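All remarks here apply to the structure that follows.
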Amino acid sequence: GNSVTQMEGPVTLSEEAFLTINCTYTATGYPSLFWYVQYPGEGLQLLLKATKADDKGSNKGFEATYRKETTSFHLEKGSVQVSDSAVYFCALSDNTGGGNKLTFGTGTQLKVEL
Amino acid sequence: DTAVSQTPKYLVTQMGNDKSIKCEQNLGHDTMYWYKQDSKKFLKIMFSYNNKELIINETVPNRFSPKSPDKAHLNLHINSLELGDSAVYFCASSHEITNTEAFFGQGTRLTVV
């Protein structure tokens, strides 16, 4: 079956530091890949996505590249801000089994300090 | 305008009770979902409906019964609530039954005491 593995948190960084959150996946088909973000007390928001190999998703300074050869979709940001503190979820979506569903990683909590 | 809205946001109830969570989306999507997030933040799909038809049922106890009166609504009814049902429940919707992104509601925090 499908699965997503992402690095465990919490990750604590100083403002303006470089961020990498690793994500690897296992899938039987050709999934789309996503990063969702959950701010405290809120629902999930789509941060970025990539639908095929070598696609790069980007939004709000965050980037991730769909690497089929390494089955990875690592999230990066060059300079984090305090407002980026949240839980980040890597996810994949495929409909090979009939019906579309997201398979999530366990989430990585990011805390950015001044 | 809220795209995917759930009510209530918080729900505290006693074991054995029956409760419902409502979800509505105004995005014109034809697929809706229920996800459960446990205390460790792990998210797992429970159900998926496409055009009011059940598509995915992920080994959820039959005490949980989703109902979709129309494409814009997917409600979740839970019978005989147990302590282990305490979690945050998220409703979501997407446009097609393909690999498109899902839009999530704000979540309903259910606490069973």
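Where a number appears in this text, it was derived from the coordinates with a stated rule and is not lab data. Please read all numbers here as calculations on a predicted model, not as lab measurements. A quick note on method: Cβ atoms are made from the backbone with ideal geometry, for glycine too, and the neighbour counts reach across all protein chains shown.
What the table shows:
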item	result
Count of Lys pairs (Cα-Cα under 22 Å; at least 8 positions apart or interchain) in chain A	16
Full-stretch length increase - A:Glu76, A:Lys111 - with 0.36 nm per residue and alpha-carbon distance subtracted	11.1 nm
Given charges at beta-carbon only (K, R positive; D, E negative), |dipole| of segment A:22-68 in Debye	140
A:Leu110 long-range amide H proximity, modeled H, under 5 Å	A:Val11, A:Ala86, A:Val87, A:Tyr88
Derived scalar couplings ³J(HN,Hα) [segment A:102-107; Karplus, 6.51 cos²θ - 1.76 cosθ + 1.60; whole Hz; x for Gly, Pro]	9, 9, 9, x, 7, x
GNM result for chain B, Cα springs below 10 Å: residue of B:Ser86, B:Ser94, B:Ser39 fluctuating most strongly	B:Ser39
Hypothetical label at A:Gln45: residues of segment A:70-89 whose amide nitrogen lies under 14 Å (7 Å Cα-Cβ projection)	A:81-89
Relative contact order %, chain A, counting alpha carbon pairs below 8 Å whose residues are six or more apart	36
Residue order, fewest to most beta carbons within 10 Å, for B:Phe64, B:Phe90	B:Phe64, B:Phe90
Dipole in debye (nearest 20) - segment B:1-73, about Cα centre, beta carbon charges: Lys, Arg +1; Asp, Glu -1	320
Local net charge near B:Lys22, Cβ-Cβ under 12 Å (Lys/Arg +1, Asp/Glu -1)	+2
Radius 13 Å from Cβ of A:Gly78, net charge of other residues (Lys, Arg +1; Asp, Glu -1)	-3
Efficiency of FRET between B:Leu83 and B:Glu58 - r from beta-carbon atoms, R0 22 angstrom, step 0.05	0.60
Student exercise, the protein assembly as shown dipole from Lys, Arg, Asp, Glu Cβ charges, in Debye to nearest 20	400
Net charge of neighbours whose Cβ lies under 15 Å from the Cβ of B:Leu54, counting Lys and Arg as +1 and Asp and Glu as -1	0
Count, lysine Cα pairs under 23 Å in chain B, 8 or more residues apart or across chains	29
Shape box of chain B [Cα atoms, principal axes, largest first, Å]	37, 28, 26
Residue with peak Gaussian network fluctuation, chain A [Cα springs, cutoff 10 Å], from A:Gly57, A:Gly78, A:Gly43	A:Gly43
Mean projected area (nm²) of the alpha-carbon convex hull when segment B:1-52 is viewed from all directions	4.9
Separation of the A:Thr12 and B:Thr111 label points, Cα + 7 Å toward Cβ, nm	2.7
For segment A:44-114, the spread of Cα positions along each principal axis, largest first, Å	46, 23, 19
At q = 0.15 Å⁻¹, base-10 log of I(q)/I(0) for segment A:1-73 (Debye sum, equal scatterers on each alpha carbon)	-0.56
Taking A:Arg67, B:Arg63 and counting other C-beta atoms within 10 Å, the order from fewest to most	B:Arg63, A:Arg67
Calculated diffusion of the protein assembly as shown, Stokes-Einstein form, Kirkwood radius summed over Cα pairs, 4 °C and 1.567 mPa s, µm²/s	72
